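A short write-up of the structure that comes next.
The values are calculated or read from the model by the stated rules, or taken from the named source; none is laboratory data. A quick note: this is a predicted structure, and the numbers were derived from the prediction, not measured. Glycine also receives a Cβ, built like all others from the backbone with ideal geometry; neighbour counts cover every protein chain displayed. Only protein heavy atoms, including side chains, enter the accessible area calculation; ligands, DNA and RNA are left aside. Shrake-Rupley method; radii C 1.70, N 1.55, O 1.52, S 1.80 Å.
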Amino acid sequence: MSETSAAPTAPLRARAEIDLGALRANVRTLRARAGRAAVMAVVKSDGYGHGAVPCARAALEAGASWLGTATAEEALALRAAGLPGRVLCWLWVPGGPWRQAIEADIDVSLSGLWALREVTAAAREAGRPARVQLKADTGLGRNGCQPGEDWADLVTEALRAEAEGLVRVTGLWSHLACADEPGHPSIAAQLGLFREMMAYAEERGVRPEVRHIANSPATLTLPESHFDLVRTGIALYGISPSPELGTPADLGLRPVMTLSASLALVKRVPGGHGVSYGHHYVTPGPTTLGLVPVGYADGIPRHASGTGPVLVDGKWRTVAGRVAMDQFVVDLGGDEPPVGAQALLFGPGDRGEPTAEDWAQACGTIAYEIVTRVGTRVPRVHVDGRQPG
């Protein structure tokens, strides 16, 4: 295993170790699940908190052929880092950096006429056509163009702009609302509507390079949704999209992030000693307390107060009392690990440590939120643990 980000020689207060070998193995698993469809590696939100650029590079090395971001700024940062290939970004507001995206050869998603008109104006200024993908709202009710008259108008105007040499319609796409709930009736309804909206566009002359609707759970469980391209987000990072679909191991995935910290203090206290703000935890008897120097400013959910699991000295401990901005406490039950000993918050689970899903269950949320909220004060240390296969 070799580090690809230099780590300080002194022990780190906290670190998020990112296993790029595991990420590559996950890409290979997802490629196998995708069949003939190409794989997009979604690296929005700084690669779901894992580091967008190193994760994108590793994903491309493992066979992903597209990268996906939410914002134009994220997509442009990939290009600034020298990453090649196709990049799609899909969350735009009026006045966005259309021209920069065009000049960087980034595919931009359009959900309405206002966006098409802005991108065609930018294409005129740039003197080159924009690569655009038309997004259909097939039932999620967020971004995307409504079926019927709105879709007809968007398709018509996009074809007119294409005939003028201002755009190239490279994709037709949509997004599933309930793919993480096997058997949900909306899945079949959305797939049916997507096929209808694609057929309408193609009958009128749209010739997309890719058609896509599958996210991570659909990639893993709905081969009929794969079309030409699948968009893999959370699964890329080795996290199951939903406990209903199985654990990462069940799905052939390995979690990529391990979050740890070094104990800042270990001390003996008497019974009846209040711990942290509000004294929501009071020691039941004489014990030892360990101070873990990360808090909600580092992305540790305050909702984990009294529930968050941590592995210290070979045993699961639980956050004692409230999570504070910079620190929280665990009751060590009389054990006395040395100051500086490792507190493992979550990882793959190989060493008996909790997983991101364990934290999600403790906080009443989803594992996506656990990894993406890890803050910028926690350094990402990218390591290359080469995985077999």
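Annotations for the structure displayed:
- The range 175-217: radius of gyration and largest Cα-Cα distance (Dmax), Å: 11.9, 35
- 9 Å beta-carbon shell around G144, net charge (K/R +1, D/E -1): +1
- Relative to the longest principal axis of the Cα atoms of the chain, helix 185-203 runs at roughly 30 degrees.
- In the context of the full set of protein chains, the chain has a per residue accessible area of 41 Å² (1.4 Å probe).
- The residues H273, H226, H303, sorted by heavy-atom accessible surface at 1.4 Å with ligands and nucleic acids left out, run H303, H273, H226 from largest to smallest.
- The shape of the range 1-118 comes out oblate: with a ≥ b ≥ c from the C-alpha gyration tensor, a/c is at least 1.5 while a/b does not beat b/c.
- Split the accessible area of the chain by element, probe 1.4 Å, and carbon with sulfur accounts for 52%.
- Extension gain, L159 back to Q100 (0.36 nm per residue minus Cα-Cα distance, nm): 19.0 nm
- Descending semi-axes in Å of the range 239-389, equivalent ellipsoid built from Cα gyration tensor: 28, 16, 14
- Prolate/oblate/rounded call for the range 186-239, Cα gyration tensor, a/c under 1.5 rounded: oblate
- Within the range 147-299, all pairs of alpha-carbon atoms sorted by distance into 5 Å bins from zero give the percentages 2, 8, 12, 12, 10, 9, 8, 8, 8, 6, 5, 4, 4, 3, 2, 0.
- Averaged over residues, the count of other Cβ atoms within 10 Å places the peptides 32-43, 185-196, 49-60 in the sequence 49-60, 32-43, 185-196, highest first.
- At 0.692 mPa s and 37 °C, Stokes diffusion of the range 129-209 via Kirkwood alpha-carbon radius, µm² per second: 250
- Over the range 113-172, equivalent-ellipsoid semi-axes from the Cα gyration tensor in Å: 22, 11, 9
- Based on Cα contacts under 8 Å between residues 6+ apart, the range 62-106 shows a relative contact order of 44 percent.
- Over all pairs of different C-alpha atoms, the range 311-351 has a mean inverse distance whose reciprocal, the Kirkwood radius, equals 11.4 Å.
- Here the sum of -39500 (n - 2.57) over DSSP H runs of 4 or more residues, divided by the residues of the chain, equals -8500 deg cm²/dmol at 222 nm, to the nearest 500.
- In the context of the full protein assembly, D384 retains an accessible surface of approximately 20 Å², using a probe radius of 1.4 Å and ignoring ligands and nucleic acids.
- The peptide list 135-148, 208-221, put in order of mean Cβ contacts within 10 Å with the highest first, becomes 208-221, 135-148.
- DSSP-defined antiparallel bridges as percent of all bridges, the chain, nearest 5: 50
- Debye-sum result for the chain in log10 I(q)/I(0), which assumes one identical scatterer on each alpha carbon, at q = 0.08, 0.11, 0.14, 0.15 Å⁻¹: -0.48, -0.81, -1.14, -1.24
- A Stokes-Einstein calculation at 4 °C with viscosity 1.567 mPa s, built on the Kirkwood radius of the range 49-199 over Cα pairs, returns a diffusion coefficient of 80 µm²/s.
- With both labels modelled 7 Å from their Cα along Cα-to-Cβ, the R377 to R268 distance reads 3.1 nm.
- Within the range 66-94: backbone nitrogen closer than 16 Å to the E125 label point (7 Å, Cα to C-beta): 72-73, 93-94
- Cα gyration tensor category, rounded, prolate or oblate, for the range 63-152 with a/c compared to 1.5: oblate
- Altogether, the Stokes-Einstein calculation at 37 °C and 0.692 mPa s, with the Kirkwood radius of the range 223-270 over Cα pairs as Rh, returns a diffusion coefficient of 234 µm²/s.
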